[in-house]
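Written below as structure tokens is the structure these notes are about.
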Amino acid sequence: MPFQFHLDILDWIFKGILIGIVASAPMGPVGVLCIQRTLNKGRWYGLVTGIGATISDFIYALITGFGMSFIVDIINNNQNRFVFQILGSIMLMAFGIYCYRSDPTKKIHISGSKKGSLIHNCVTAFLVTFSNPLIIFLFMAAFAQFAFVMPKHPLHMCVGYLSIICGALLWWFGLTWLIDKVRNKFDNSSIVIINKIIGSVVIIFSLLVLIGTVFNLYTFHY
């Protein structure tokens, strides 16, 4: 018998937090920038860098959800939903493999010696993240896998989007806290190690979800 997942607030909070973490965790340019600023300027500067990235990700999440809402009837068809969840799992796995194999230090951005204001650091991080619209494909994969787009449930959608913000902020808060604690032992190789760990987690998670979807180990009820 498949495990039954029912649509409720806690379920959407969990989905949103997980999507927010998945979108924020890979060590792209803004992730490396956050680490650099934490090491060179202090934890608050690293944290506002993450906040700027979160704002950008939230905008792209809204764009993705709005676009997918026009084809929600197609997505929510049982047969089509199965296909979309399979494709979403494969896209997430491909993203994890790319994350594992990439070396973010090769395109490292050397932050300036001047600290600047917290607002300036937040805005520049937002612009760096917003300049990469490919994040939309990651949101599409995650939204399809978790059946996240449900226009007929606006309250749940609002809670879900707010949870994406919470998940992203939770990641940046934890990352800057960790970097601040081990700042004397942190170097570029540590960035590569973190990226490989994140990639491995995404690969394992997407593989488990793919197996669960193929063998119907769980179903969603709305």
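The values are calculated or read from the model by the stated rules, or taken from the named source; none is laboratory data. Here the structure is a predicted model, which is why all the values come from computation and not from measurement. No Cβ is skipped: glycine too gets one built from the backbone with ideal geometry, and neighbour counts run over all protein chains shown. SASA here: full protein model, heavy atoms, side chains in, ligands and nucleic acids out. Shrake-Rupley method; radii C 1.70, N 1.55, O 1.52, S 1.80 Å.
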What list of ³J(HN,Hα) couplings, whole Hz, do you get for region 37-46 from phi and the Karplus terms 6.51, -1.76, 1.60, once you set θ to phi - 60° and write x for glycine and proline?
5, 5, 6, 8, 10, x, 5, 4, 5, x
Rolling a 1.4 angstrom probe over the protein chains, ignoring ligands and nucleic acids, what is the accessible area of residue 182 in square angstrom, nearest 10?
50 Å²
Which residues' amide hydrogens lie under 5 Å from the amide hydrogen of residue 103, considering only partners 5 or more residues apart or on another chain, with H built in the peptide plane?
none
Sorted by accessible area with a 1.4 angstrom probe, largest first, how do 103, 11 fall?
103, 11
If I take R0 = 22 Å and measure r between the Cβ atoms of residue 137 and residue 201 in this structure, what FRET efficiency does the formula 1/(1 + (r/R0)^6) give, to the nearest 0.05?
0.70
Hey, rough spin-label estimate for residue 184 and residue 103, points 7 angstrom out along Cα→Cβ, what's it come to in nanometres?
2.9 nm
At a 1.4 Å probe, what is the % contribution of carbon and sulfur to the accessible area of region 82-204?
74 percent
